[in-house]
Amino acid sequence: MKNVTLLFAIIAALFVGAHAARETPQAVSLDARSTAEGIHVMELTQDFLAVAAHKLPYGNPNTGDCMAGEQKVSIQGIPGSFCSPACSPTQPCPADKYHLATAEGQCVLQTPGASKPSQCALICEPNGMYPNGGCPMSAKCQPIQGLGICTYPGPAAEQTLEASN
């Protein structure tokens with residue numbers, strides 16, 4: 001049973017992603033049953049699935065749901081995707097709270113045809129002194145227009161935005 005618990009703990013840590021390092025660990029319940037052949041079957045409960053939701057802005061949409069008020073986006077011409085908070089003149093972009101990340105959230109993304117930005121992105125320095133341009137762990141600083149935008153590798157989002165000047 002110890003081996004099963006340890007294996008599950010490792011899988012859970014990988015599934016939840018880098019966010020778990022900054023949050024208080026919580027116990028996660030499992031539904032378990034045994035078959036007639038003596039095989040133990042474990043199923044993830046809704047409590048576990050709720051842990052996979054991101055609790056910090058600009059998360060990796062491939063490892064959990066984006067936070068309320070965010071959407072999974074890709075930027076035209078840049079690989080990867082990220083969770084993008086909404087922004088407006090009265091609603092500034094949230095700060096990047098990831099450990100050791102220095103990229104700054106800015107209201108720089110707009111839907112094609114829009115006249116002004118309405119979504120945030122983490123602006124990084126692709127050639128700066130910080131590792132990975134200052135992006136959160138597992139994100140990559142993708143160069144665009146002399147600066148960079150942090151994205152996570154993986155499939156593109158259904159919503160593709162444009163970077164504004």
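The values are calculated or read from the model by the stated rules, or taken from the named source; none is laboratory data. Remember, it's a predicted structure, so these values are computed and weren't measured experimentally. A quick note on method: Cβ atoms are made from the backbone with ideal geometry, for glycine too, and the neighbour counts reach across all protein chains shown.
How many residues does the range 119-147 contain that are among the small types (Gly, Ala, Ser) and crowded, with 17+ Cβ neighbours inside 10 Å? Outline the logic, then answer.
The initial filter retains those residues of the range 119-147 that are among the small types (Gly, Ala, Ser), namely 121, 128, 133-134, 138-139, 146.
Adding the requirement that they be crowded, with 17+ Cβ neighbours inside 10 Å leaves 121, 133-134, 139.
The total comes to 4.
Taking LEU14 as meeting all but one of (1) over 22 Å from MET137 (Cα atoms); (2) at pLDDT below 60, write down the number of the exception.
Here LEU14 clears every test but (1).
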